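One structure below.
The values are calculated or read from the model by the stated rules, or taken from the named source; none is laboratory data. If you're wondering where the values come from, they're calculated on a predicted model, not measured in any experiment. Neighbour counts are summed over all protein chains in view; Cβ atoms, including those assigned to glycine, are modelled from backbone coordinates with ideal geometry. Note: areas computed on protein heavy atoms with side chains; ligands, DNA, RNA excluded. Shrake-Rupley method; radii C 1.70, N 1.55, O 1.52, S 1.80 Å.
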Amino acid sequence: CFACVVTTTTTTRSIHNMGSGNFDDKVHKCIPAEFFMISSSQDSEISNEAYNTGSFELPDPAGKAGGACTSAILEVFYSRGHEVGQGMSWVDVLKDMHEQLKKQKFDQVPQLSSSRWIDVNQPMFIVPPKSGVRRAMLIGINYVGQKGQLKACHNDVENVKDYLIKAQGFRESEMLILKDDGRHEMPTKQNIMDGFVRLTQYSQPGDVVFVSFSGHGGRVVDTSGDEDDGFDESLIPVDFQEVGQIVDDDILDIFVKKMKGGVTCTVVMDCCHSGSVMDLPYYFSADGKEMETEKNFQFGSGGTDGEVPKKHKRTFDKHGKAVKVHEKEEQDKAEKKAPKRTVHEAPIKKIKPRAPPRDRKPPPPPPPQRCVIQ
């Protein structure tokens with residue numbers, strides 16, 4: 001059973017050219033599975049909580065708050081009767097989500113990113129026809145007792161779980177649920193990463209995977225050089241203060257690239273800065289017209305098509321500030337050319353002894369020193 005054990009993806013984009021077969025072929029080899037991620041906002045935007053989920057007209061098991069993105073997408077699915085074997089276009093999903101968010105006074109723009117260039121006017125399926133086993137990992141982090149505590153994320157998990165069971169034929173026994181509520185496995189960095197790995201190990205061609213994350217998203221300094229804005233997007237686990245964040249490069253390497261071909265994976269990211277948190281190569285925004293291509297997509301681990309040019313790589317200077325590698329090397333060379341001497345390295349000047357006053361005789365010379373070995 002997949003859920004039985006838990007061990008304790010601003011970017012450079014271009015409108016896709018249908019003749020860019022070489023890029024598409026390389027993507028297919030790099031990512032064998034089909035990934036589709038709906039994110040609550042672009043990389044530069046924040047997500048929101050909807051404290052009145054009743055206005056979204058969706059079943060709310062706890063009767064409390066729900067994340068704005070999660071509430072909006074579930075309202076769209078329920079209102080359109082999006083069940084097993086029934087598809088609605090990606091355009092419809094994103095446009096309707098955007099309308100739902102605007103009604104609630106939220107200005108965030110939902111996005112779709114994928115591992116394949118697709119016609120966004122064609123039907124989207126969470127469970128394609130004739131699919132195999134359906135597995136899910138649902139993560140909700142309220143950061144209980146921490147600064148920046150949220151209220152909606154546990155309810156998001158329950159709402160998504162109910163929808164997947166009732167409308168998409170998932171079984172709770174094949175769901176890994178991580179919540180910081182004291183009753184489920186904790187959404188630590190290790191447990192989330194292990195969940196990603198476990199999904200790649202259990203899923204076989206023809207199977208279906210669904211992942212949702214409700215919590216805080218963030219940005220960290222990019223050290224691999226694939227981000228033009230200098231920052232990686234990240235998921236923030238409950239224990240981020242001790243172990244750090246989960247960056248998009250790691251999600252791409254351990255989850256996206258490792259999933260077997262023939263698996264269909266749908267992901268909903270309801271967090272800030274989530275537009276490219278899985279670093280997928282194709283994008284479509286709810287306010288856009290066509291899919292776009294991520295030029296800096298990491299074909300190799302940690303960089304674009306293998307090795308990243310030095311002009312894009314980043315490191316840290318002696319003050320802890322992020323700088324590009326080639327700039328750091330130039331700074332080091334300049335310091336070597338004109339080294340600064342410390343107090344200890346400065347030459348010692350010989351000091352002449354002062355002459356004794358005229359009215360005083362100079363002191364007698366010290367007796368000769370001898371080393372006596374006993």
- prompt: Across segment 25-41, what is the total count of residues that are modelled with pLDDT of 85 or more and either farther than 20 Å from Lys258 by Cβ or open to solvent by 70 Å² or more (accessible area, probe 1.4 Å) (or both)?
  reply: 6
task: Just name the residue that is nearest to Ser131 (Cα to Cα) out of those in segment 243-277 that are among the basic types (Lys, Arg) and surrounded by fewer than 19 Cβ atoms within 10 Å (Cβ to Cβ).
output: Lys260
- line: Taking segment 119-140 and the residues there that are among the hydrophobic types (A, V, I, L, M, F, W, C) and modelled with pLDDT of 95 or more, the one that is surrounded by the most Cβ atoms within 10 Å (Cβ to Cβ) would be Ile139
task: Spot the failing condition for Phe170; the list is (1) within 18 Å of Phe210 (Cα to Cα); (2) aromatic (Phe, Trp, Tyr); (3) in contact with a Gly (Cβ under 8 Å, 6 or more places away or on another chain), and only one is missed.
output: (3)
- request: Within segment 157-174, work out how many residues are closer than 13 Å to Leu74 by Cβ, modelled with pLDDT of 95 or more and charged (D, E, K, R).
  value: 3
task: Could you check, for segment 206-216, whether at least one of its residues is outside any strand (DSSP E or B), open to solvent by 20 Å² or more (accessible area, probe 1.4 Å) and at pLDDT 95 or above?
output: yes
query: Is it the case that some residue within segment 154-167 is of a type in the set (S, T, N, Q) and in a helix (DSSP H, G or I)?
result: yes
query: List the pairs whose first member sits in segment 247-270 and is farther than 22 Å from Pro237 by Cα and polar (S, T, N, Q), whose second member is open to solvent by less than 10 Å² (accessible area, probe 1.4 Å) and at pLDDT 95 or above, and whose Cβ atoms are under 6 Å apart, counting only residues at least 6 apart or on separate chains?
result: Thr264/Val208
Odd one out for Asp279, checked against (1) at pLDDT 70 or above; (2) over 21 Å from the mean Cα position of the chain (by Cα); (3) on the phi > 0 side of the Ramachandran plot: (2)
message: Any residue that is among the β-branched types (Val, Ile, Thr), crowded, with 22+ Cβ neighbours inside 10 Å, in a strand (DSSP E or B) and under 21 Å from the mean Cα position of the chain (by Cα) - is there at least one of those in segment 184-197?
response: no
query: Which of the residues that make up segment 98-108 are open to solvent by less than 10 Å² (accessible area, probe 1.4 Å) and either among the aromatic types (Phe, Trp, Tyr) or in a loop (DSSP other than H, G, I, E, B) (or both)?
result: Gln108
message: Please go through (1) small (Gly, Ala, Ser); (2) at pLDDT below 90; (3) out of contact with any helix residue (DSSP H, G or I) (no Cβ under 9 Å at 6 or more places or on another chain) for Ser113 and return the number of the only condition it doesn't satisfy.
response: (2)
task: Under 8 Å between Cβ atoms, at least 6 apart or on separate chains: pull out the pairs that start in segment 224-242 with a residue that is at pLDDT below 50 and end on any residue that is open to solvent by 40 Å² or more (accessible area, probe 1.4 Å) and not hydroxyl-bearing (Ser, Thr, Tyr).
output: Asp226/His312
